[in-house]
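For reference, the structure is listed below as structure tokens.
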Amino acid sequence: MQSPPSLSPDAKKSIHFRPKTFGFGVTPCTWQGWAITAVLCAIIIGGAMILLPEENAPPPISAIEFAQQVGRFVLFIAAISWLFLRLTAPYTDGEMKWRWGRNDK
């Protein structure tokens, strides 16, 4: 059984993110990483505009309706964050883990 052909013999995995020095997550290190991060921010802002209630929207909503809308937004943020981490993991230099500083490799 043959292995699948690669795109090019000397194609290297491009790295767009590097692990953060402290905490969990990644930091963009190329313009592609910054572009992906900007798209993530635009999606979150768009979701907030759609899912969260307006301040002076008539009629005033009840506390239960407000809690439901905020809950939907929190779930939206959790799903988008999980998707972002899953999509950026292959383009990250190093593994995704909690880090305590420069000595933590």
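Residue pairs whose Cβ atoms lie under 6 Å apart, separated by 6 or more positions or on different chains, with the first residue in the stretch 83-105 and among the acidic types (Asp, Glu) and the second at pLDDT below 80 and surrounded by 10 or more Cβ atoms within 10 Å (Cβ to Cβ), do not occur.
Determine whether Glu54 is among the acidic types (Asp, Glu), at pLDDT below 85 and assigned to a helix (DSSP H, G or I). When the stated conditions are applied, Glu54 does not pass them.
Report, by residue number, each residue of the stretch 34-51 that is at pLDDT 90 or above and touching a Phe, Trp or Tyr at 6+ places or on another chain (Cβ under 6 Å). Matches in the stretch 34-51: Leu40 only.
Search the stretch 4-33 for residues being of a type in the set (D, E, K, R) and within 22 Å of Lys97 (Cβ to Cβ), and hand back the single one that is modelled with the highest pLDDT. Steps first, answer last, please.
Within the stretch 4-33, the first condition is being of a type in the set (D, E, K, R), and the residues that meet it are 10, 12-13, 18, 20.
Filter once more, keeping what is within 22 Å of Lys97 (Cβ to Cβ): 13, 18, 20.
On the way: Lys13: 70, Arg18: 87, Lys20: 84.
It comes out as Arg18.
The number of residues in the stretch 24-51 being under 19 Å from Val74 (Cβ atoms) and part of a loop (DSSP other than H, G, I, E, B) comes to 2. Remark: pairs (first residue in the stretch 23-51, touching a residue at least 24 places away in the same chain (Cβ under 8 Å) and over 25 Å from Lys13 (Cβ atoms); second residue among the aromatic types (Phe, Trp, Tyr) and not in a loop (DSSP other than H, G, I, E, B); Cβ separation under 8 Å; 6+ apart in sequence or on different chains) = Gly47/Phe73; Gly47/Phe76; Ala48/Phe73; Leu51/Phe73; Leu51/Phe76. Taken residue by residue, the stretch 83-100 has no member that is of a type in the set (Val, Ile, Thr) and out of contact with any strand residue (DSSP E or B) (no Cβ under 8 Å at 6 or more places or on another chain).
When the stretch 65-96 is filtered for residues that are among the aliphatic types (A, V, I, L, M) and not in a helix (DSSP H, G or I), only Met96 remains.
The values are calculated or read from the model by the stated rules, or taken from the named source; none is laboratory data. Note that this is a predicted model, so its numbers are computed, not measured. In this analysis, Cβ positions are derived from the backbone assuming ideal geometry, glycine residues included, and neighbour counts consider all displayed protein chains.
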